[in-house]
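Read the structure below first, then the notes.
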Amino acid sequence: MEHPLFPFASATEMLVALRARHASAIELLELHRRRIERHNAELNAIVEPDFERAAREAGAADSRRLRGEDAPLLGLPMTLKESINVRGLRTTVGMPMWRDFRSEHDAPVTVRVKGAGAIVMAKTNVPQMLADWQSANPVYGRTNNPWDFSRTPGGSTGGGAAALAAGLTPLEFGSDIGGSIRVPAAFCGVYGHRPSETALPRSGQFPFPPLPNAASVMGVQGPMARAAEDLELGLDVAAGPDAGEDVAWRLAIPAARHARLAAFRVAVLPPVSWVPLDEEIAAALDDLAARLGRLGCQVKTAQPDALGDHREHYALYLALLASVTSARLPAEQRRARLDVMRTRDDEWSRASQRGIESGAPDYIAWAARREQYRAAWRAFFREWDVLLAPTFFTTAYPHWDKPWPDTPASQRRMLPINGRPVLEELGLFYPSVATLGGQPATAFPAGRSRSGLPIGLQAIGPYLEDRTPIRFAAMLAREFGGFTPPLLYAAD
């Protein structure tokens with residue numbers, strides 16, 4: 001029998017029910033298994049189910065509760081992004097060459113959520129090599145957006161965002177270097193947190209050796225959920241140093257800067273003249289700023305001075321992004337990607353080309369330049385608590401068949417924004433604002449468009465003060481509303 005809270009309860013509410021013995025771990029797992037059986041065929045969000053092992057672990061969790069034991073996530077079913085390694089399950093990142101790869105180890109985040117008592121029941125769909133805002137690949141196929149099946153749920157943690165929105169899982173962990181947590185959260189109307197760059201382990205993804213790589217910057221792993229409070233729940237479980245550093249290092253993320261929404265000092269990202277923004281997203285940002293001002297928040301259009309018109313900042317981000325992501329590709333595909341970049345003649349493609357062609361001296365110089373921006377963020381957050389910004393420049397857009405490993409000049413996709421065609425890949429801009437400096441950023445729902453699609457914004461916070469943007473998003477939900485189920489699933 002289904003508890004009245006489910007299936008769209010928050011993970012926190014489900015844990016309350018488990019602790020009060022209003023539901024068992026086995027019942028909760030069975031609820032989600034039935035929903036996945038009912039809805040996953042149309043969504044294709046869940047791609048690596050593991051219900052047999054999950055059932056054993058749920059039974060063990062219930063036995064532990066009967067003995068009076070507890071743990072932060074004890075008995076909670078959840079999912080992980082397909083790229084995050086789980087012992088015995090496939091990790092393909094959507095690549096046919098890894099179709100049969102099964103991990104022999106658990107990623108650090110997997111170890112930590114299991115250690116906290118969670119039941120990892122499945123893994124969720126991704127694009128090839130996590131390199132798209134769609135979640136489609138030749139191994140598992142395409143994931144649909146639960147608000148509109150003709151549209152993308154985002155990427156690269158698109159399967160996870162779709163599963164959360166449709167009530168197929170209460171908690172997900174994804175990864176983010178180009179908005180891969182935040183964009184799917186925005187497209188599907190859920191919450192996602194890109195942690196401070198060193199707050200969580202970054203190893204344990206892809207069919208690679210399970211070791212950290214300090215040179216692989218900007219990419220992080222982090223939680224997604226239907227409530228901001230659940231992001232903090234996931235953060236508390238998974239935060240901490242990676243292998244090697246855990247001998248001595250400990251992480252103590254400070255409390256949120258304020259306990260009242262009206263006490264927050266809220267900066268709003270100024271309009272960027274050369275980056276289009278859907279007028280409905282712009283209006284949602286303006287409306288939220290106005291509401292916060294009426295509540296008593298200090299609100300002002302502001303950003304770190306070093307960002308300027310963002311062109312140098314964005315070019316540096318693209319160069320580092322191309323360098324890091326190209327290093328993951330086999331040599332043949334890396335050469336093919338470079339050949340594609342050479343067919344393009346614009347400043348942003350040239351920045352990506354430099355990233356692929358770069359040598360160690362370039363990379364070290366870029367890292368030094370990046371530290372100057374990080375210093376500017378530190379100075380900025382002495383005056384402000386959060387910076388509000390768009391998450392992406394449009395709402396969820398229609399599926400399209402994207403070439404791999406990259407899109408030649410003749411096939412680059414244009415998205416209509418305010419009646420004008422805009423290159424899809426410019427969508428990297430708004431995620432990059434937080435990513436280059438390694439800042440924490442919490443994506444949250446901010447209403448719906450006239451066509452009924454979710455609108456998402458992000459709150460960028462001070463480095464290693466992740467609780468501040470998360471709590472800010474939680475307070476916004478209590479004041480103005482948060483997650484609502486997609487209409488197709490709301491009455492289910």
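The values are calculated or read from the model by the stated rules, or taken from the named source; none is laboratory data. What you see is a predicted model, and the numbers here were worked out from it, not measured in a lab. Heads up, the Cβs are rebuilt from the backbone with ideal geometry, glycines too, and the neighbour counts pull from every protein chain shown. Just the protein is used for accessible areas: all its heavy atoms, side chains included, with ligands, DNA and RNA removed. Shrake-Rupley method; radii C 1.70, N 1.55, O 1.52, S 1.80 Å.
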Which one of these is touching a Ser or Thr at 6+ places or on another chain (Cβ under 6 Å) and open to solvent by 40 Å² or more (accessible area, probe 1.4 Å): ARG257, ARG265? ARG257
Suppose the filter is among the small types (Gly, Ala, Ser), touching a strand residue (DSSP E or B) at 6+ places or on another chain (Cβ under 9 Å) and in contact (Cβ under 8 Å) with a residue 40 or more places away in the chain; does GLY141 pass it? yes
Could you look through region 243-280, keep only residues that are over 24 Å from GLY293 (Cβ atoms) and β-branched (Val, Ile, Thr), and pick out the one that is modelled with the lowest pLDDT? VAL247
Go through (1) assigned to a loop (DSSP other than H, G, I, E, B); (2) touching a strand residue (DSSP E or B) at 6+ places or on another chain (Cβ under 8 Å); (3) closer than 30 Å to ALA327 by Cβ one by one and return the number of the condition ALA389 breaks. (1)
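For (1) free of Cβ contacts under 8 Å to residues at least 60 places away in the same chain; (2) over 17 Å from the mean Cα position of the chain (by Cα), each residue gets a yes or a no:
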position	(1), (2)
ASP100	yes, yes
ASP106	no, yes
ALA116	no, yes
ILE119	no, yes
LYS123	no, no
ASP132	no, no
ARG182	no, no
PHE187	no, no
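Given the criterion part of a helix (DSSP H, G or I), under 30 Å from ARG257 (Cβ atoms) and more than 24 Å from the chain's Cα centre (by Cα), identify the matching residue among ARG294, ARG374. Break it down stepwise before answering.
Values: ARG374 fails: more than 24 Å from the chain's Cα centre (by Cα).
Answer to the selection: ARG294.
Search region 412-440 for residues being outside any loop (DSSP other than H, G, I, E, B) and touching a Gly at 6+ places or on another chain (Cβ under 7 Å), and hand back the single one that is farthest from GLY174 (Cα to Cα).
Pass one, region 412-440, residues outside any loop (DSSP other than H, G, I, E, B): 414-417, 420-435.
Add one more test, that the residue is touching a Gly at 6+ places or on another chain (Cβ under 7 Å), and what stays is 428, 431.
Numbers: LEU428: 17, PRO431: 15 Å.
Per the stated criteria, the residue is LEU428.
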List every residue pair whose Cβ atoms lie under 9 Å apart, where the two residues are 6 or more positions apart in sequence or sit on different chains, the first residue falls within region 347-373 and is touching a residue at least 60 places away in the same chain (Cβ under 8 Å) and within 16 Å of ARG328 (Cα to Cα), and the second residue, located anywhere, is open to solvent by less than 80 Å² (accessible area, probe 1.4 Å) and charged (D, E, K, R). none
Condition first: within 28 Å of ARG35 (Cβ to Cβ), surrounded by fewer than 22 Cβ atoms within 10 Å (Cβ to Cβ) and modelled with pLDDT under 95. Can you find one or more residues in region 465-487 that meet it? yes
Extreme residue, surrounded by the most Cβ atoms within 10 Å (Cβ to Cβ), among residues of region 326-343 that are of a type in the set (Lys, Arg), in a helix (DSSP H, G or I) and in contact with a helix residue (DSSP H, G or I) (Cβ under 7 Å, 6 or more places away or on another chain): ARG337
Which numbered condition ASP132 misses (of (1) touching a Gly at 6+ places or on another chain (Cβ under 8 Å); (2) farther than 29 Å from LEU453 by Cα; (3) not small (Gly, Ala, Ser)): (2)
